[in-house]
Amino acid sequence: MTQPKTLYEKLWESHLVAESDDAPSILYIDLHLIHEVTSPQAFSALREKGLKARRPERTIATMDHSTPTISLDYESADEMAVIQLNQITQNCADFGITLYDAGSDGRGIVHVIGPEQGYTQPGMTIVCGDSHTSTHGAFGSLAFGIGTSEVEHVLATQSLLQAKSETYEVKFEGELPFGVTAKDMILALIAKIGIGGGTGHVFEYTGEAVKALNMDGRMTLCNMAIEGGARAGMIAPDDVTFAYLKGRTHAPKGAGWDAAVAKWQKLPSDEGAVYDKAVTIDVSTLEPMVTYGTNPEMGITINQRIPSLGNKSEAANSSLEKALNYMDLSADSPLKGHPVDVVFIGSCTNSRMSDLRAAASILKGRKVAEGMRLLVVPGSESIRKEAEGEGIDKIVRDAGGEWRFAGCSMCLAMNGDELEPGQYAVSTSNRNFEGRQGKGGRTILASPYTAAASAITGKVTDPRELI
Amino acid sequence: MKSFTKITSKIIPLPHTDVDTDQIIPARYLKVINKDGLAEGLFDSWRRLPDGSPNPDFPLNQDEYQGAEVLLAGDNFGCGSSREHAPWALTGWGIRAIISTSFADIFRNNALKNGLLPIVVSEETQASLFDLSEEAPAATIDIDLENQRMTLPDGSGVSFEIDPFSKTCLLEGIDQLGYLLKHDEQIAAFEGRVK
Ligand code: SF4
């Protein structure tokens, strides 16, 4: 009998172009996604070397990071952003690459549109010059972020030099309680293992709580694998995956569909497959999570107190002290009830229909707190239109929030959507690093429920009180 | 890529853990379409006070460290975003090697492609280097890539690991794309197989 294999091992082996003793392996890349920020220097390098894109049909481009969300007219962006947006347009035209640009219905955050358009499929290797490429692993693909030099490598050769990662099984057992979501699961995991906990590893999320999630929730889980230090997060494809993909524009059709599903069904890790590392989390006692510090591992449940100083190593204490100093929060005090200035609902972590519906269920018929700024930014233009079809835009506006066009927006604050120095935001995005949402801004990461509830009360709020 | 053989440099201490790429180079500097000028944004929020003037307490602003090429950092350096702008900003400022107990995966990959050497050391070595940089900021360290060895200011030697492929690329200053392009036939054969 052959050795039982993990999903990761199956994907690794089926994409090996060449192996060597004195160099990393060469891995074939099925799908390459690009955006305007991390690709321009790769195209310049190709031009300098006189190289073409090897398989231009395997690269898909979008504009998301520096695009305005107030208008679809990119001339309203600042001068440097306009140059960057014009550059990707030119690069895609010159190299024969499909681009979802300003006028396109399919445009949106790169990790939202890949799955939505059916490009992202089980069994694929997928890369993008963006660390949250891990999102696509929700479909049972091996998907990871790369740097710009590697964007150039993939454009030129459709391949990458890669060292094999170790595997890490992350098992979520039990049933999620009321008001607790995939976002809370991933924040709980990172709080447990730390932001470097998965370094050198690829997560495979398993267990009944993962199986019970819809694709939106699974994408949230995989999205933040990188925040746990792992390059990729993966979930074995199942009927939920297939039902999501069926009929999507670029998914296989007809007989091709049946053949594809038959192939995909062989992908899940074999019975008895061995992982290099493992952790189990029981979700049945989980509560909504919030972060208090300046990296995603600094998280607590909504009812816990911020940790006290002095219980840890000197280095851990000094980093906690530095974080609390930046956040202007006190050790050993509750975070629940702390005033909030801005609520941001969006980003490739939580900007899909399920997220917007969750937020709307709380916002409906209510008003945001006095002085509160609520920004709701759908992950793609298609999601925006679908949400508008359900009246979610109206719910947001009636509550006193801003309803925007699709993009990364205040997740990384490159496009003018940003916090003012000192402001507190409850954000559904993935990073609470110093200044991530604007210089001097302070980020509290949370689920769409928690974010929407906090917008209504103007304070960090347990959403279960408002759902 | 600039080749890396040996350097002798003072050690710039950055005693923070989990230095993320948003700190190394904030997003507002990412609108460039080339690699120039990124050094300007290196550690922007730590290097400058809220009014934009230089923060005198930040080592990169101190006369002592001008021209230094080695950065000594806390654990898990380079976590976060995949932006290669981070190594571009670091090398643009003049940094050629970073010493820490661990590096985030993507950052390490990006660094190695830009002539920037990530050196992993034990916690003890890291701690003694931090002590030393405090006691004798002018002391220098030698880094010899060929022999994978550092000589600390007290004369003691510490060896470090690097994969042979990255080592050759660094020593010779070669771009890894050349290696991939040489495998054109195998790539084509793979494409034929899986079509
Ligand atoms: S939404 Fe945020 S994390 Fe996602 S791709 Fe955009 S900037 Fe990156």
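Take the residues of segment A:1-20 that are among the hydroxyl-bearing types (Ser, Thr, Tyr) and at pLDDT below 95: which is nearest to the chain's Cα centre (by Cα)? Let's see the steps before the verdict.
In the first step, residues of segment A:1-20 are kept if they are among the hydroxyl-bearing types (Ser, Thr, Tyr); the result is A:2, A:6, A:8, A:14, A:20.
Of the ones still in play, those that are also at pLDDT below 95 are A:2, A:20.
Numbers: A:Thr2: 35, A:Ser20: 33 Å.
Filtering segment A:1-20 for residues that are among the hydroxyl-bearing types (Ser, Thr, Tyr) and at pLDDT below 95, the one nearest to the chain's Cα centre (by Cα) comes out as A:Ser20.
From the list A:Thr241, A:Thr206, A:Thr220, which one is within 15 Å of the chain's Cα centre (by Cα) and among the β-branched types (Val, Ile, Thr)?
Just a single option satisfies the conditions, and that option is A:Thr220.
Of all residues in segment B:77-96, which are of a type in the set (S, T, N, Q) and either within 16 Å of the ligand (Cβ to nearest atom) or open to solvent by less than 10 Å² (accessible area, probe 1.4 Å) (or both)?
Listed by number, the residues that qualify are B:Ser81, B:Ser82.
Got a number for residues in segment A:276-296 being over 26 Å from A:Gly174 (Cα atoms) and either of a type outside the set (S, T, N, Q) or surrounded by fewer than 20 Cβ atoms within 10 Å (Cβ to Cβ) (or both)? First the steps, then the outcome.
Going residue by residue through segment A:276-296, those that are over 26 Å from A:Gly174 (Cα atoms) are A:292-295.
Now narrow it down to the ones that are either of a type outside the set (S, T, N, Q) or surrounded by fewer than 20 Cβ atoms within 10 Å (Cβ to Cβ) (or both): A:292-293.
Within segment A:276-296, residues that are over 26 Å from A:Gly174 (Cα atoms) and either of a type outside the set (S, T, N, Q) or surrounded by fewer than 20 Cβ atoms within 10 Å (Cβ to Cβ) (or both) number 2.
Residues that are over 21 Å from A:Asp462 (Cβ atoms) and more than 16 Å from the ligand (Cβ to nearest atom), at least 2 per element: which helices (runs of 4 or more DSSP H) completely within segment A:317-436 meet that?
On the way: elements: A:353-363, A:381-389, A:392-398.
It comes to A:381-389, A:392-398.
Within segment A:109-120, identify whether any single residue is outside any helix (DSSP H, G or I) and buried (at least 24 other Cβ atoms within 10 Å of the Cβ), and answer yes or no.
Looking for residues that are outside any helix (DSSP H, G or I) and buried (at least 24 other Cβ atoms within 10 Å of the Cβ), one finds at least one in segment A:109-120, hence yes.
In segment B:65-177, which strands (runs of 3 or more DSSP E) lie fully inside it and hold 2 or more residues that are within 14 Å of another protein chain (Cβ to nearest Cβ) and at pLDDT 95 or above?
In segment B:65-177, the matching strands (runs of 3 or more DSSP E) lie at B:70-73, B:117-120.
Going by the structure shown, is B:Pro56 in a loop (DSSP other than H, G, I, E, B), within 28 Å of B:Ala138 (Cβ to Cβ) and without any contact (Cβ under 8 Å) to a residue 60 or more places away in the chain?
Judged against the criteria, B:Pro56 is a match.
Would segment A:46-64 turn up any residue that is touching a helix residue (DSSP H, G or I) at 6+ places or on another chain (Cβ under 7 Å), away from the ligand (no atom under 15 Å from the Cβ), under 19 Å from B:Ser82 (Cβ atoms) and facing another protein chain (nearest Cβ under 9 Å)?
Checked against the condition, which is being touching a helix residue (DSSP H, G or I) at 6+ places or on another chain (Cβ under 7 Å), away from the ligand (no atom under 15 Å from the Cβ), under 19 Å from B:Ser82 (Cβ atoms) and facing another protein chain (nearest Cβ under 9 Å), segment A:46-64 yields no hits at all.
Having 2 or more residues that are open to solvent by less than 60 Å² (accessible area, probe 1.4 Å) and touching a Lys or Arg at 6+ places or on another chain (Cβ under 7 Å) is the bar; report the helices (runs of 4 or more DSSP H) wholly within segment A:161-275 that clear it.
In segment A:161-275, the matching helices (runs of 4 or more DSSP H) lie at A:215-223.
Note down all Cβ pairs under 6 Å where the first residue falls in segment A:213-227 and is in contact (Cβ under 8 Å) with a residue 12 or more places away in the chain and away from chain B (no Cβ under 14 Å), the second is within 12 Å of the ligand (Cβ to nearest atom) and part of a helix (DSSP H, G or I), and they're at least six residues apart or on different chains.
Every condition considered, the pairs that remain are A:Met219/A:Thr135; A:Cys222/A:Ser134; A:Cys222/A:Thr135.
So how many residues does segment B:28-47 have that are touching a residue at least 24 places away in the same chain (Cβ under 8 Å), open to solvent by less than 10 Å² (accessible area, probe 1.4 Å) and within 10 Å of chain A (Cβ to nearest Cβ)?
Total satisfying the criteria: 1.
What residue, of A:Ile467, A:Ile392, A:Ile444, is on the phi < 0 side of the Ramachandran plot and at pLDDT below 95?
On the way: A:Ile392 fails: at pLDDT below 95; A:Ile444 fails: at pLDDT below 95.
Every option except A:Ile467 fails the conditions.
Would you check which residues across segment A:338-359 are crowded, with 24+ Cβ neighbours inside 10 Å and not β-branched (Val, Ile, Thr) and list them?
A:Phe344, A:Gly346, A:Ser347, A:Cys348, A:Asn350, A:Ser351, A:Arg352, A:Asp355, A:Leu356, A:Ala358, A:Ala359
Considering only residues of segment A:76-130 that are within 11 Å of another protein chain (Cβ to nearest Cβ) and without any contact (Cβ under 8 Å) to a residue 24 or more places away in the chain, which is nearest to the ligand (Cβ to nearest atom)?
A:Met80
Condition (residue is more than 15 Å from the chain's Cα centre (by Cα) and among the charged types (D, E, K, R)) applied to segment B:99-121: is it met by at least one residue?
Checked against the condition, which is being more than 15 Å from the chain's Cα centre (by Cα) and among the charged types (D, E, K, R), segment B:99-121 yields no hits at all.
Answer yes or no: is there a residue in segment A:15-34 that is crowded, with 24+ Cβ neighbours inside 10 Å, more than 9 Å from chain B (Cβ to nearest Cβ) and acidic (Asp, Glu).
No, segment A:15-34 contains no residue that is crowded, with 24+ Cβ neighbours inside 10 Å, more than 9 Å from chain B (Cβ to nearest Cβ) and acidic (Asp, Glu).
I want to confirm something. Restricting to segment A:302-337 and keeping residues that are touching a residue at least 60 places away in the same chain (Cβ under 8 Å) and open to solvent by 20 Å² or more (accessible area, probe 1.4 Å), which single residue is farthest from the other protein chains (Cβ to nearest Cβ)?
By that ranking, first place goes to A:Gly337.
The values are calculated or read from the model by the stated rules, or taken from the named source; none is laboratory data. Please read all numbers here as calculations on a predicted model, not as lab measurements. Every residue, glycine as well, gets a Cβ built from its backbone with ideal geometry; the counts of neighbours run over all protein chains shown. Protein only, heavy atoms only, side chains kept; ligands, DNA and RNA dropped before computing areas. Shrake-Rupley method; radii C 1.70, N 1.55, O 1.52, S 1.80 Å.
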